[in-house]
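J.: Below is the structure I would like to discuss, written out as structure tokens.
Every number in this text was worked out from the coordinates using simple rules, so none of it is lab data. Keep in mind it's a predicted model, so treat the numbers as computed, not measured. A quick note on method: Cβ atoms are made from the backbone with ideal geometry, for glycine too, and the neighbour counts reach across all protein chains shown.
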Protein chains: 2
Amino acid sequence: MAIETTRRQQIEDAASALFRERGYAATSVRDIAQALNIQGGSLYAHVASKEDVLWSIVSRAADRFNAEVGPLATDPGAPAAPSAPARLRAMIRAHVEVVTSSQRDAAVFLHEWRFLSDERRAQMAARRDAYEALFRQAIGRGIAAGTFSPVDPRLTATAILTALNGIATWYRPDGPLTAQEIADHHADLFIRALTCGAPGSSRERTDS
Amino acid sequence: MAIETTRRQQIEDAASALFRERGYAATSVRDIAQALNIQGGSLYAHVASKEDVLWSIVSRAADRFNAEVGPLATDPGAPAAPSAPARLRAMIRAHVEVVTSSQRDAAVFLHEWRFLSDERRAQMAARRDAYEALFRQAIGRGIAAGTFSPVDPRLTATAILTALNGIATWYRPDGPLTAQEIADHHADLFIRALTCGAPGSSRERTDS
DNA sequence: CCTACCGATCGGTAGG
DNA sequence: CCTACCGATCGGTAGG
């Protein structure tokens with residue numbers, strides 16, 4: 001049972017590793033080719049441009065975040081809607097799961113997307129804003145329900161996502177904390193910040 | 001009264017602006033020279049290398065953070081030590097003040113420092129760790145005093161600083177929120193997260 | 001996928 | 001601070 005990997009996929013993997021450690025602008029196409037033991041020009045049998053490779057990595061990472069977190073943010077059809085704290089906790093967990101399990105691509109997505117062409121960068125900015133809106137809404141709903149303190153949803157969503165994205169910079173799979181522990185710690189922290197002193201905080205926990 | 005600005009300073013200012021918007025690796029020495037209406041080679045009458053300019057920008061930014069936040073973190077000689085929440089609030093305010101008032105240099109400091117030479121990068125990594133330690137200690141003291149929940153000081157300090165540093169990416173002086181409002185919002189958020197449900201939270205506010 | 005090449009640009013220097 | 005230049009390297013292509 002051979003592991004299926006197209007040449008294109010190998011190129012993206014090698015490029016992602018290099019973009020992550022040196023940055024997109026400081027990585028040459030010859031660096032990428034060398035990692036695969038081929039000549040620089042040979043890359044162009046598989047990709048149209050260096051920027052094209054970046055685009056593939058970045059859009060795939062964006063897809064993963066949407067695939068994991070999106071379903072938790074939108075109301076499910078059948079079952080009862082979760083409480084605001086429970087929903088936000090699930091979203092934080094899912095986001096951290098993607099950050100840690102797709103760490104390399106996530107780091108490139110977060111730090112190198114500005115090297116995309118104007119058009120693609122604008123497209124990605126729109127996707128990112130839509131994604132952040134999922135968190136803004138989750139927070140806004142909690143405020144409306146009285147379970148969350150009346151914070152600024154935009155500012156708070158940005159603070160939460162910035163902190164979670166930062167995990168991509170320092171997380172080590174062999175470190176002292178598992179991805180789950182890190183996720184739970186952050187979820188605890190931010191949900192405490194949001195529920196503490198909330199209008200309808202009558203001491204009983206609707207969380208988790 | 002002419003505004004005193006050395007050529008070296010002008011170079012660093014122009015470079016900082018360019019490093020910030022394009023990144024260090026994607027900025028050429030000719031780009032910097034062009035911003036000052038001189039030839040590329042002429043830069044080298046004032047600087048030893050491109051990396052030298054980056055180093056100046058980055059270390060000056062690091063100095064500012066230390067100068068503003070350091071005194072708040074270490075116990076003052078004469079007056080009574082502030083409570084843990086009050087101290088952390090002051091540190092958060094001071095950090096955000098530097099991020100927003102030195103936004104351009106702070107952004108370069110935060111995002112481009114990895115392009116320093118190995119030696120300088122290691123030096124800066126040590127400074128950053130010492131700086132983060134100020135926040136870890138402030139949190140640790142609060143936990144020891146029973147005013148803060150028993151969180152992981154390292155993880156929490158990193159979360160706070162990552163969120164605060166993110167402000168450098170999106171803050172606009174002409175935006176809807178002042179730097180002070182942003183600072184207070186973040187201070188409120190994180191201090192609520194830390195004090196809520198703390199062992200010694202007997203409902204009276206020792207904060208600010 | 002290779003060889004061989006394109007024009008452009010890189011950081012930096014010599015000599016004034 | 002300029003002119004003129006250094007060797008190296010850049011992203012990408014032609015033709016096989």
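J.: Please say if chain B is rounded, prolate or oblate, where rounded means a/c under 1.5 for a ≥ b ≥ c the square roots of the C-alpha gyration tensor eigenvalues, and otherwise the choice is prolate for a/b larger than b/c and oblate otherwise?
T.: Prolate, because a/c is 1.5 or more and a/b exceeds b/c.
J.: How far apart, in nanometres, would the label points at A:S101 and A:A122 be if each is projected 7 angstrom from Cα along the Cα-to-Cβ direction?
T.: 3.5 nm
J.: Viscosity 1.567 mPa s, temperature 4 °C: Stokes-Einstein D of the protein assembly as shown from its Kirkwood Cα radius, in µm² per second?
T.: On the way: Rh = 23.3 Å.
It comes out at roughly 56 µm²/s.
J.: Apply 1/(1 + (r/R0)^6) to the Cβ-Cβ distance of B:A81 and B:A45, taking R0 = 56 Å, and write down the FRET efficiency to the nearest 0.05. Kindly include the intermediate steps, with their values, before the conclusion.
T.: Values: r = 51 Å, r/R0 = 0.91.
Between B:A81 and B:A45 the formula returns 0.65.
J.: Report the FRET efficiency, 1/(1 + (r/R0)^6), for A:L177 and B:N37, where r is their Cβ-Cβ distance and R0 is 41 Å, rounded to 0.05.
T.: With a Förster radius of 41 Å, E is 0.20.
J.: Let me have the 222 nm mean residue ellipticity of chain A computed from DSSP H runs of 4+ only, each contributing -39500 (n - 2.57), with the sum over all residues rounded to the nearest 500. Don't jump to the answer; show the numbers that get you there.
T.: Details: 8 runs with 138 residues, N = 208.
About -22500 deg cm²/dmol.
J.: What's the exposure ranking of B:Y44, B:Y171, going from fewest to most Cβ atoms within 10 Å?
T.: Fewest-to-most ranking of B:Y44, B:Y171: B:Y44, B:Y171.
J.: On to the next question. Within a 10 angstrom radius of the beta carbon, how do B:E119, A:E132, A:E21 rank from fewest other beta carbons to most?
T.: On the way: B:E119 8, A:E132 15, A:E21 12.
Ascending number of Cβ neighbours within 10 Å: B:E119, A:E21, A:E132.
J.: Based on the Cβ-Cβ distance of B:R22 and A:Q10, what FRET efficiency does E = 1/(1 + (r/R0)^6) give at R0 = 25 Å, to the nearest 0.05?
T.: Between B:R22 and A:Q10 the formula returns 0.25.
J.: While we're here: Neighbour counts of other C-beta atoms within 10 Å: give me B:H95, A:H186 arranged from fewest to most.
T.: In increasing order of surrounding Cβ atoms, one gets A:H186, B:H95.
J.: Okay, next question. Quick one: Kirkwood hydrodynamic radius for region A:94-208, alpha-carbon pairs, angstrom, one decimal?
T.: Every distinct Cα pair counted, the radius reaches 15.7 Å.
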